[in-house]
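Let me begin by handing over the structure; questions about it come next.
The values are calculated or read from the model by the stated rules, or taken from the named source; none is laboratory data. It should be emphasised that the depicted structure is a prediction, and the values quoted were computed from it without experimental measurement. Heads up, the Cβs are rebuilt from the backbone with ideal geometry, glycines too, and the neighbour counts pull from every protein chain shown. In case anyone asks, the SASA skips ligands and DNA or RNA and just uses the protein heavy atoms, side chains included. Shrake-Rupley method; radii C 1.70, N 1.55, O 1.52, S 1.80 Å.
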Amino acid sequence: MEQPKDKWLRWIGIPLSVLLCNLLFLKDYRYDGLIYLRTSLTGIVYVWLLWNVLRYWMVRMRRRFPGVGQTFKRVLVTFMGYLVIVTSAQLGIVYLTGSLTRWAGVPATYEVYLTQVLIGLVSMLTIGVGYEIIYFLQKYREAVEESEAVQKNLLQSQYETLKSQVNPHFLFNSLNSLSALIAEDKTQAGAFLDELSSVYRYLLQTNERKLVSLKTELRFIKSFFYLLKARYGAAIDLNLDIDETALDAWLPPLTLQVLVENAIKHNTLLREQPLQISIRTEEACLIVSNNIQRKTIQVRTQPGGLNTISARYRALQFPEPTITDDGSTFRVRLPLLQKLVEY
């Protein structure tokens, strides 16, 4: 943890505060300048040592309870430690200086002990509160910066998703497939056109939605895969194994599209060796996997993909997806939100 930046306060603030505080006791010093300076020098050394002990305790408690959610516990334990340290130190310094009689010429009475303890506690509270306010503001600033970074990633992921939505190559290939079907089978061409319309309708409708139901996303991926099947034929296959109880769960829109496209981009598609894509539910998660048939020459792709999905999950404060690759199967495990929430 970064140390508090308070050198100026310790090296300049302590001497000034002790010198000013001792002015209140000039009457007790019988207005003797020598006693005032001697007592002030002793006080500066004593306060500097005490301050550093308190500071060390504060830093230890910050390391032990660093989180914003631990603020109450950290402040409580920190100030309880302050109370014990300051009270003990103030009583000790009065006793060790000979009850202030020989050194400062002040009789050691109950009122003197009480006054010294009260001065220490008030000073401790004032300075301790100041440190806590600075620490809180620092943590708040870090939280804001982290939130802005997450929001930036979200906006970037939305931008990358939008680019993939209007990918001219996908549209061009789809139109080529449609043109071929029109010449071969007008009925099938009509079905293809319906699915293409469904895909782009969904793309437009989900621009401003953070979450969609699994049922809605599966309906889209079926239409999307219909277009892929028309292009690649037997070289690609999709297997769905979805528990009906999970259909009302939620996930970020177009997540399945990104994963399917990712599988196609990085693997070969052959009729005799088709790319097998599987989407299934397992407990509270959605598992998307494919057999690995890596291309010998990797094509250049737009940045995003899996990173985009992870960024969207972070922005929504979901547990992030987990990715495994055992050399034969590539698998992405996506957490599903079970609680029904309006987004």
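Name the residue that is least open to solvent (accessible area, probe 1.4 Å), counting only residues in region 259-287 that are among the charged types (D, E, K, R) and in a helix (DSSP H, G or I).
My answer is Glu261.
Look through region 227-253, keep the residues that are in contact (Cβ under 8 Å) with a residue 60 or more places away in the chain and in a loop (DSSP other than H, G, I, E, B), and return whichever of them is farthest from Pro319 (Cα to Cα).
The residue in question is Asp248.
Select, from Arg102, Arg74, the only residue that is modelled with pLDDT of 80 or more, part of a helix (DSSP H, G or I) and either more than 23 Å from Gly13 (Cβ to Cβ) or not hydrophobic (A, V, I, L, M, F, W, C) (or both).
Residue meeting the stated conditions: Arg74.
So how many residues does region 186-195 have that are charged (D, E, K, R) and either at pLDDT 75 or above or in contact with a Lys or Arg (Cβ under 8 Å, 6 or more places away or on another chain) (or both)?
Selection size over region 186-195: 2.
Do you know which residues across region 243-253 are over 14 Å from Pro335 (Cβ atoms) and surrounded by 14 or more Cβ atoms within 10 Å (Cβ to Cβ)?
Across region 243-253, the qualifying residues are Leu247, Pro253.
Follow-up. Those residues that are open to solvent by 70 Å² or more (accessible area, probe 1.4 Å), within 21 Å of Ser278 (Cα to Cα) and modelled with pLDDT of 85 or more, I need them from region 299-323; list them, please.
Glu320, Thr322, Ile323
Output the qualifying pairs, or none if there are none: Cβ atoms under 7 angstrom, residues six or more apart or on different chains, first residue in region 135-146 and farther than 14 Å from Val75 by Cβ and in contact (Cβ under 8 Å) with a residue 40 or more places away in the chain, second residue part of a helix (DSSP H, G or I) and not small (Gly, Ala, Ser).
Ala143/Val68
Within region 32-56, work out how many residues are over 18 Å from Ile127 (Cα atoms), touching a residue at least 12 places away in the same chain (Cβ under 8 Å) and open to solvent by less than 70 Å² (accessible area, probe 1.4 Å).
6
Next question. Could you grab me the full set of residues in region 211-227 that are touching a strand residue (DSSP E or B) at 6+ places or on another chain (Cβ under 9 Å) and of a type outside the set (A, V, I, L, M)?
If the condition is that a residue be touching a strand residue (DSSP E or B) at 6+ places or on another chain (Cβ under 9 Å) and of a type outside the set (A, V, I, L, M), then Ser213, Glu217, Phe220, Lys222, Phe225 are the ones that fit.
List the number of the failed condition for Leu256; all other conditions in (1) surrounded by fewer than 20 Cβ atoms within 10 Å (Cβ to Cβ); (2) under 13 Å from Thr216 (Cα atoms); (3) without any contact (Cβ under 8 Å) to a residue 60 or more places away in the chain hold.
All conditions are met except number (1).
State the number of residues belonging to region 196-226 that are in a helix (DSSP H, G or I), at pLDDT below 85 and either under 31 Å from the mean Cα position of the chain (by Cα) or within 23 Å of Asn290 (Cβ to Cβ) (or both).
5
Follow-up. Would you call Ile287 touching an Asp or Glu at 6+ places or on another chain (Cβ under 8 Å) and of a type in the set (A, V, I, L, M, F, W, C)?
Against the criterion (touching an Asp or Glu at 6+ places or on another chain (Cβ under 8 Å) and of a type in the set (A, V, I, L, M, F, W, C)), Ile287 does not qualify.
Six or more apart or on different chains, Cβ atoms under 9 Å: show the pairs whose first residue is in region 57-86 and under 15 Å from Ile133 (Cα atoms) and open to solvent by less than 50 Å² (accessible area, probe 1.4 Å) and whose second is modelled with pLDDT under 85 and small (Gly, Ala, Ser).
Qualifying pairs under 9 Å: Met58/Gly128; Arg74/Gly67; Val75/Gly128; Thr78/Gly128; Phe79/Gly128.
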